[in-house]
Every structure is written in C-alpha cells, then in structure tokens.
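Trainee: Got a structure here, written out as structure tokens. Questions coming.
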C-alpha cells in the first residue's frame with residue numbers, strides 16, 4: 001500500500017528543480033526575526049511572500065523567488081490545530097482544501113490553503129509517524 005507524506009514529496013520535487021536550475025538556498029540564514037523562532041542553524045530564511053510560522057524547529061528554503069518558483073519546508077513542535085489556526089487567521093481569502101490523502105482511521109491530518117496571486121499554497125501536515133507539524137509554503141515564479 002502506498003503511503004503519502006506530501007510535505008516530503010514537495011520538498012523532494014523542489015530539491016530536484018533547484019538542482020536542475022543550479023540554484024538552491026540551503027538552511028543557515030535566520031528566520032526573519034520571527035518571535036519564538038529558534039536561532040538554530042537549522043532555520044532557513046523564508047523567501048516566499050507567505051507568512052513564516054513563528055515557532056519553528058527546522059526549516060529549509062529551495063528556489064529564489066521571485067524569478068524562480070520556491071518551496072519553504074518547515075517543522076514546528078506546536079500542535080496541528082494551533083498551526084492551522086495561525087495560518088487561517090493570516091491567509092484571508094485563501095481557499096481551504098482538506099487533502100484526499102488522509103486515512104480517516106488514523107490521526108494523520110493535512111490541510112492546504114491556496115492563494116491565487118502567485119499560485120501560492122500552504123500545506124500543513126501532521127503524521128504521527130514523524131515528529132512535529134510539517135509546514136510547506138510554495139510559490140510560483142513571478143516578476
């Protein structure tokens with residue numbers, strides 16, 4: 001049986017695209033001074049136009065917006081409902097979609113927020129097989 005962990009898939013795709021273009025930004029920058037964020041070197045700067053969740057335990061940035069598409073992948077130890085509520089309050093006008101990849105017999109949860117401006121999306125995922133709540137921010141290239 002195929003088990004999907006979409007944040008990992010999105011990260012893998014972004015890494016392949018960044019490697020193909022010869023341009024990627026690795027973790028190591030600060031987290032834009034977000035309150036509650038770690039100063040740990042595992043927190044990369046979010047270069048997308050989407051808001052950075054303030055309490056991250058790790059993050060990586062692939063791509064160089066606005067001229068390239070970009071994916072910011074992060075993890076927080078905060079509970080899934082807390083992260084979802086934070087993004088819901090900041091993404092006014094976003095379309096919400098619960099992923100069809102969720103098995104309702106397990107505690108695995110995933111929600112996506114879609115914004116039309118730069119084909120932006122925020123995906124929040126909780127899978128009990130992995131630690132923390134996964135946050136993936138994606139954005140198409142634009143000028």
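Trainee: Quick one: count up the residues across region 68-87 that are over 13 Å from the mean Cα position of the chain (by Cα) and buried (at least 21 other Cβ atoms within 10 Å of the Cβ).
Mentor: So the answer is 1.
Trainee: Run down 101, 130 and say which single residue is over 21 Å from residue 57 (Cα atoms) and modelled with pLDDT under 90.
Mentor: Checking each option against the conditions leaves just 101.
Trainee: Shifting gears a bit: I'm trying to understand the selection: among the residues of region 67-83, which are touching a strand residue (DSSP E or B) at 6+ places or on another chain (Cβ under 8 Å) and at pLDDT below 90?
Mentor: 69
Trainee: If we keep just the residues of region 51-64 that are in contact with a strand residue (DSSP E or B) (Cβ under 6 Å, 6 or more places away or on another chain) and within 14 Å of residue 141 (Cα to Cα), which is surrounded by the most Cβ atoms within 10 Å (Cβ to Cβ)?
Mentor: Per the stated criteria, the residue is 62.
The values are calculated or read from the model by the stated rules, or taken from the named source; none is laboratory data. Note that the structure is a prediction, hence the values are computed from the model and not measured. A quick note on method: Cβ atoms are made from the backbone with ideal geometry, for glycine too, and the neighbour counts reach across all protein chains shown.
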